[in-house]
Amino acid sequence: RSVWEQTQRFKMYVFLAHVYIVDPALSLSLQYYWLFVLSRGLVGIGESSYSSISPTIIGDLFTNNSRTMMLSIFYLAIPLGSGLGYILGSGAKEAAGDWHWALRVSPLLGITAGALILLFVPEPKRGSADQGGRVKARSSWCCDMKALAKNRSYVCSSLASAAVSFATGAFGMWIPLYLYRAQVVQKTAEVCSKDICSSKDSLIFGAITVVTGLLGVAIGLAATRLCRQRTERADPLVCAVSMLGSAIFICLIFVVAKKSIVGAYVCIFIGETLLFLNWAITADILMFVVIPTRRATAVAFQSFTSHLLGDAGSPYLIGLISDALQQSYATSVLWQFLSLGYALMLCPFVIVLGGMFFLATALFFLDDREKAEKQLSLMTRPPSTVTV
């Protein structure tokens, strides 16, 4: 079987394992925590394989503006799923009175997605949408990695993607708590003494994430199609402008939150919309500057570096900084709120850095795209015939 088909089947097995392994693990005592971690890790493997392969399938089926549109539709699932995760998880926990049910509702969705993939997603020919033919030449994984390391547009856009991941990971963990502490400071909410507090802020933040994700991807699609009529560097430039604009509004969150929760939500809405605007565009940049046979590797490594440098450590780092600031002064409700805000101020600085990487991508984009097109032309050229 092809690697792609084997991966799809493996993902289905992971989803089934999630059903039969995770639920019992959640009900066991803490001595079986390793089983819980293992089962969640298996789910992560399935999800990561899906997120790495799916954009390359779209790249093999579509090109130019059509590919941008299809990638945008695909990447709508990220904010939609993230936001619904807050809403569905909080709702399940509240309805059942047990946080375990926040995880028990996901296997059904996973089984449905896995079944649909196995039944209805065909395996396209590599590079079928590029140059009107199938790419025949292939190279080793080491050669692919060396080529990607020399691809300046790919490296810069991957680092910029890591900046986006850093901010979204930190926000997903800490913004609901930050807004709750802001309400405590404003005396519109009481200090929670329970292990699990009200989920209102998580629900609101989840709803905002859904809306801003959908809106951001749609605006990104429209902006790139419009700007491509003016400049060939439209994709990275749109990403850079959106990142820098997002940093401004995210900074304003920590300015207005002490006095106005509504104002903070407005800043979150605008900031997240601008931040989510570049998700699909980043994938499209990769499709332009990387040849089809390297795209799966490129997407996988970009995803790996984005999580490694981004959301894998950003929630922990923000919490560590906040705790260190709290230990520096006498603990109070106000200082708990301020210390978390000061820690979260790291996010806009990282976002600005990501915008700089997108600007660097714009400098190299045309050269790297031309190199990829030339190499693809050589790979798809039919064998020459000799006439006597």
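The values are calculated or read from the model by the stated rules, or taken from the named source; none is laboratory data. Remember, it's a predicted structure, so these values are computed and weren't measured experimentally. Backbone-built Cβ (ideal geometry, glycine too); neighbour counts: all protein chains shown. SASA here: full protein model, heavy atoms, side chains in, ligands and nucleic acids out. Shrake-Rupley method; radii C 1.70, N 1.55, O 1.52, S 1.80 Å.
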Notebook entry, point to check: When the residues of the range 288-299 are filtered to those that are under 28 Å from residue 347 (Cβ atoms) and open to solvent by less than 10 Å² (accessible area, probe 1.4 Å), which remaining residue is modelled with the highest pLDDT?
Noted result: 289
Note to self: Consider the range 350-367. How many of its residues are farther than 15 Å from residue 245 by Cβ and open to solvent by less than 10 Å² (accessible area, probe 1.4 Å)?
What the structure shows: 3
Next item on the list: Within the range 87-101, work out how many residues are part of a loop (DSSP other than H, G, I, E, B) and open to solvent by less than 60 Å² (accessible area, probe 1.4 Å).
Entry: 2
Check: Taking interchain pairs and intrachain pairs at least six residues apart, which have beta carbon atoms under 8 angstrom, with the first residue in the range 102-123 and part of a loop (DSSP other than H, G, I, E, B) and the second open to solvent by 70 Å² or more (accessible area, probe 1.4 Å) and not charged (D, E, K, R)?
Finding: 105/88
Check: All but one of (1) in a helix (DSSP H, G or I); (2) among the polar types (S, T, N, Q); (3) modelled with pLDDT of 90 or more; (4) open to solvent by 10 Å² or more (accessible area, probe 1.4 Å) hold for residue 231; which doesn't?
Finding: (1)
Next item on the list: For the range 187-209, indicate whether the set of residues that are part of a helix (DSSP H, G or I), polar (S, T, N, Q) and surrounded by 24 or more Cβ atoms within 10 Å (Cβ to Cβ) is non-empty.
Entry: yes
Notebook entry, point to check: Is it true that residue 84 is part of a helix (DSSP H, G or I), at pLDDT 75 or above, open to solvent by 70 Å² or more (accessible area, probe 1.4 Å) and under 24 Å from residue 170 (Cα atoms)?
Noted result: no
Next item on the list: Identify the residue in the range 60-69 that is among the hydroxyl-bearing types (Ser, Thr, Tyr) and assigned to a helix (DSSP H, G or I) and, among all such residues, is least open to solvent (accessible area, probe 1.4 Å).
Entry: 68
Next item on the list: Would you point out which residue out of 314, 322, 332 is open to solvent by less than 30 Å² (accessible area, probe 1.4 Å) and over 20 Å from residue 158 (Cβ atoms)?
Entry: 322
Margin query: Of the residues 163, 182, 149, only one is assigned to a helix (DSSP H, G or I) and open to solvent by 20 Å² or more (accessible area, probe 1.4 Å); which?
Written below: 149
Check: Can you name every residue in the range 289-317 that is of a type in the set (A, V, I, L, M, F, W, C), within 12 Å of residue 53 (Cα to Cα) and more than 16 Å from the chain's Cα centre (by Cα)?
Finding: 296
Check: Taking the range 41-59 as the region of interest, how many residues are without any contact (Cβ under 8 Å) to a residue 60 or more places away in the chain and either open to solvent by 30 Å² or more (accessible area, probe 1.4 Å) or touching a Ser or Thr at 6+ places or on another chain (Cβ under 8 Å) (or both)?
Finding: 6
Check: In this structure, does residue 253 turn out to be over 30 Å from residue 149 (Cα atoms), of a type in the set (A, V, I, L, M) and modelled with pLDDT of 85 or more?
Finding: yes
Next item on the list: For residue 270, state whether it is farther than 20 Å from residue 68 by Cα, under 19 Å from the mean Cα position of the chain (by Cα) and open to solvent by 30 Å² or more (accessible area, probe 1.4 Å).
Entry: yes
